[in-house]
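Worksheet for the structure shown next.
We did not get these values from a lab; they are worked out from the coordinates using the rules stated. Just so you know, these numbers come straight off a predicted model, no measurement behind them. No Cβ is skipped: glycine too gets one built from the backbone with ideal geometry, and neighbour counts run over all protein chains shown.
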Amino acid sequence: MTGYPLHEYVHRLKVAEAKKLLISTERTFKVIATALGYRDVFYFSRLFKKYAGMSPRDYKKTNGG
C-alpha cells in the first residue's frame, strides 16, 4: 500500500519519529537512535540523512531544536 518495501517503510517511520524527538526534546541523537532500536548510531545517522535530506545535527539546528 505504501509503495515501499517493508524495511524502507520502517526506516521512514523511525526517521519521522527521530525528527519529532530531535526538536521536541533535549535527548541526544545517540539516545534517540538507541531508543528507536538502532545499535549502530552511525548507520542510523546515514539513514536519517538519506530520508531527511540533512544530518541530524543540521535538522535540529534548522528546526529550532
For region 29-50, give me each residue that is surrounded by fewer than 13 Cβ atoms within 10 Å (Cβ to Cβ) and under 20 Å from residue 62 (Cβ atoms).
46, 50
Quick check on residue 2: is it among the polar types (S, T, N, Q), surrounded by 12 or more Cβ atoms within 10 Å (Cβ to Cβ) and either free of Cβ contacts under 8 Å to residues at least 40 places away in the same chain or in contact with a His (Cβ under 9 Å, 6 or more places away or on another chain) (or both)?
no
Among the residues of region 36-55, how many are aromatic (Phe, Trp, Tyr) and under 9 Å from the mean Cα position of the chain (by Cα)?
3
Across region 24-51, what is the total count of residues that are among the hydroxyl-bearing types (Ser, Thr, Tyr) and part of a helix (DSSP H, G or I)?
5
